Amino acid sequence: MALYTVLGSFTDQGIRNIKETTHRAEAVEAAARKSGVTVKSIQWTLGAYDLVCQFEAPDDQAITAFGLAIGMQGNVRTQTLRTFSRDEMNAILSRLPA
């Protein structure tokens with residue numbers, strides 16, 4: 001499973017309905033399970049982004065389809081980053097020429 005970090009910003013609709021944000025997070029978790037995506041964490045933040053989430057998915061296509069389905073709800077805009085663990089990064093570095 002690949003790890004993804006998703007940065008989220010509330011849309012106008014999302015901020016108008018901010019009192020529902022934790023309930024929407026529960027709906028995201030349920031949708032993720034149905035999509036074969038695992039929610040590792042959902043955190044609300046201060047600063048440039050309103051949310052930082054971690055997901056595990058079998059591949060880029062799965063996380064992209066899941067992200068598009070969440071985006072269709074109209075409450076957040078997201079930026080998805082492929083995230084590498086230390087072991088994965090070490091494996092990548094081992095491919096570099098000496």
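Readers should treat all values here as calculations from the given coordinates under stated rules, not as data from a laboratory. Keep in mind that what you see is a predicted model, and the values were worked out from it rather than measured. When we count neighbours, we look across all protein chains shown, and the Cβ atoms used for this are built from the backbone with ideal geometry, even at glycine.
Starting at the first residue of region 44-60, write each ³J(HN,Hα) from the Karplus equation 6.51 cos²θ - 1.76 cosθ + 1.60 with θ = phi - 60°, in whole Hz, x for Gly and Pro.
Working through the residues one at a time gives 8, 10, 9, x, 5, 10, 8, 9, 10, 10, 10, 10, 10, 9, x, 6, 4 Hz.
Could you please state, rounded to a whole Å, how far the C-alpha centre of region 50-84 is from the C-alpha centre of region 6-28?
Cα centres, region 50-84 to region 6-28: 14 Å.
Multiply the residue gap between Q61 and N17 by 0.36 nm, knock off their C-alpha separation, and tell me the result in nm, one decimal place.
Working: separation 44, 0.36 × 44 = 15.84 nm, distance 2.95 nm.
Fully extending the segment from Q61 to N17 adds 12.9 nm.
Summing +1 for each Lys or Arg and -1 for each Asp or Glu, what net charge is found among the other residues whose Cβ lies under 13 Å from the Cβ of F66? Could you put the intermediate results ahead of the total?
Numbers: positive: R33, K34; negative: E29, E56, D59, D60.
Residues close to F66 contribute a combined charge of -2.
Using 0.36 nm times the number of residues separating L93 and Q43, minus their current alpha carbon distance, what extension gain do you get?
Details: separation 50, 0.36 × 50 = 18.00 nm, distance 3.02 nm.
Contour length minus Cα-Cα distance gives 15.0 nm.
For the chain, report the % of Cα-Cα distances exceeding 17 Å.
On the way: 2476 of 4753 pairs.
Taking all Cα-Cα pairs of the chain, the fraction more than 17 Å apart is 52 percent.
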